[in-house]
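Reading through the structure tokens given below for one structure.
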Amino acid sequence: MRVDDLLAVIEATADPGRAASWDRSGVQIAGTAERCDKLAVALDPSPDLARQALAWGAQVILTHHPVSLAPRLPDRLDDHHRLLTLVLSRGAWLYAAHTSLDTVVDGPPAWLADAFALVGRRILEPAGRIPHLAVRWRAASPPSGRAALAGLNGVSVMLLGNDLLEAVFPRRLTARVLAMVAAACPDARELSRLSLDEPAEAYGYGLVGDLPAPLPLDALLARLADLLPRRFFLLAGSAPETVSRLAYCPGSGADMAGRAFAAGAEVYLTGDLKYHQALAVPPGRCVVDVGHFSLEEVMMRRFAESLAAELGPDGPAVRYFPGNDPFSAHVPGSDLPRRTE
């Protein structure tokens, strides 16, 4: 597969246009390889990850975290220099889907909401809206196109007379919709493509939603320990007896705790909680710091799985390279595991 085409597949989910203004999502290191048959996916762009990925034969490495938030020269022998040397010497590409992926709240970041079957989901910190597209085709058999698109989530399809088909869909589905219509109606000819003010797809950071049934806090934490690659958490605030509404933000989202509690969440899950933020947790509310690593590690693993499914058996092989939580826990006299699993 051409590298440009692979990057387009990645960006169909992690649209760089949704990245924060301070971020460096996108190509981190441009390679000389024109084609890719192996895509390596990981959380962090470390020299060790690059060695493993390149030894496997990857031409493209996809990480969540960027190499740097500000351009810098390789002016000293450090991990930055070693990473650049490794990747450039092999002609490979390094791409980061950072806040461009964080804001896809109906994509990989929603994995925890799916695991807890949260209902009535809302974005904690909206960042913008992307208008849907309306595309109209002339075809000999429009019902074939409607049938092909019927199972695609978020797509509305209409038949306009005997030879006209119209579909309204999120922009990120453009390539998929066009390919499906072309396959179902080989004679289809696109007549128009319009950007609509409404409907539009909202994007932003973090999610809040209701559990199907209230859970005791201990049961929720036990479920988290089963889901996450970490079995120890830090708690701030007061522990509610039961949890009905849950909010979370992967990575470093402690400054969004106020939004979570204003949205009615009893418990907010995130990472990188600071001392004064912990002091500010209101009565009857609880912040659970699961670490910066754990939620994002699973998110990137899910992203790798979705890319593998989308690319299919004829596309590049996709391999996830697990990361390591840099933090460990030690409680004297306890059998609590020191490191993540």
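The values are calculated or read from the model by the stated rules, or taken from the named source; none is laboratory data. Treat the numbers as computed from the prediction; the structure is a model and nothing was measured. Cβ sites come from the backbone with ideal geometry, for glycine too, and all protein chains shown count toward neighbours. Only protein heavy atoms, including side chains, enter the accessible area calculation; ligands, DNA and RNA are left aside. Shrake-Rupley method; radii C 1.70, N 1.55, O 1.52, S 1.80 Å.
A few notes on this one:
- With one equal scatterer per alpha carbon and no solvent term, the Debye-computed log10 I(q)/I(0) for region 147-264 at 0.17, 0.21 1/Å reads -0.90, -1.20.
- Equivalent ellipsoid semi-axes, region 115-207, via Cα gyration tensor eigenvalues times 5, rooted, Å: 29, 14, 10
- Span from the region 298-325 Cα centroid across to the region 1-71 one, whole angstrom: 12
- Charged side chains reduced to their Cβ positions (Lys and Arg at +1, Asp and Glu at -1) give region 183-292 a dipole of some 320 debye around its Cα centre.
- Over region 226-341, equivalent-ellipsoid semi-axes from the Cα gyration tensor in Å: 30, 19, 12
- For Glu201, distant residues with modelled amide H under 5 Å away: Ile130, His132
- Solvent-free Debye scattering, log10 I(q)/I(0), computed from the Cα coordinates of region 57-180 at q = 0.16, 0.17, 0.20, 0.23 Å⁻¹: -0.95, -0.99, -1.11, -1.26
- Counting only alpha carbon atoms, the long axis of helix 217-227 and the longest principal axis of the chain meet at about 60°.
- In the context of the full set of protein chains, residues of the chain present 48 Å² of accessible surface per residue (probe radius 1.4 Å, heavy atoms only).
- Evaluated at q = 0.06, 0.12 Å⁻¹, a Debye calculation over the C-alpha positions of the chain (equal weights, vacuum) places log10 I(q)/I(0) at -0.26, -0.96.
- Per-residue packing, averaged as other Cβ atoms within 10 Å, sorts the ranges 206-216, 13-23, 183-193 into the order 206-216, 13-23, 183-193, beginning with the highest.
- For region 39-109, the alpha carbon convex hull comes to 85 Å³ per residue, rounded to a whole number.
- Using alpha-carbon coordinates, inclination of helix 47-56 to the longest axis of the chain, degrees: 40
- Helix 3-13 vs. the chain, principal-axis angle (Cα, 0 to 90°, nearest 10): 70
- Computed from backbone phi, the HN-Hα couplings of region 64-79 come to 7, 6, x, 5, 7, 7, 9, x, 8, 6, x, 8, 8, 7, 9, 4 Hz, rounded to whole numbers (Karplus: 6.51 cos²θ - 1.76 cosθ + 1.60, θ = phi - 60°; Gly and Pro given as x).
- Share antiparallel - DSSP beta bridges, the chain, percent rounded to 5: 65
- The phi torsions of region 96-103, fed into the Karplus equation with coefficients 6.51, -1.76 and 1.60 and a -60° offset, translate into couplings of 10, 10, 9, 5, 5, 8, 3, 8 Hz, rounded to whole numbers, with Gly and Pro shown as x.
- When you count the other C-beta atoms within 10 angstrom of each residue and take the mean per peptide, 95-102, 55-62, 153-160 line up highest first as 95-102, 55-62, 153-160.
- Karplus 3J(HN,Hα) series, Hz, for region 275-286 with 6.51 cos²θ - 1.76 cosθ + 1.60 (x for Gly, Pro): 4, 6, 5, 5, 5, 8, 5, x, x, x, 10, 9
- For region 130-186 versus region 72-86, the spacing of their alpha-carbon centroids is 48 Å.
- Placing +1 on the Cβ of every Lys and Arg and -1 on the Cβ of every Asp and Glu, with nothing else charged, gives the chain a dipole about its Cα centre of roughly 280 debye.
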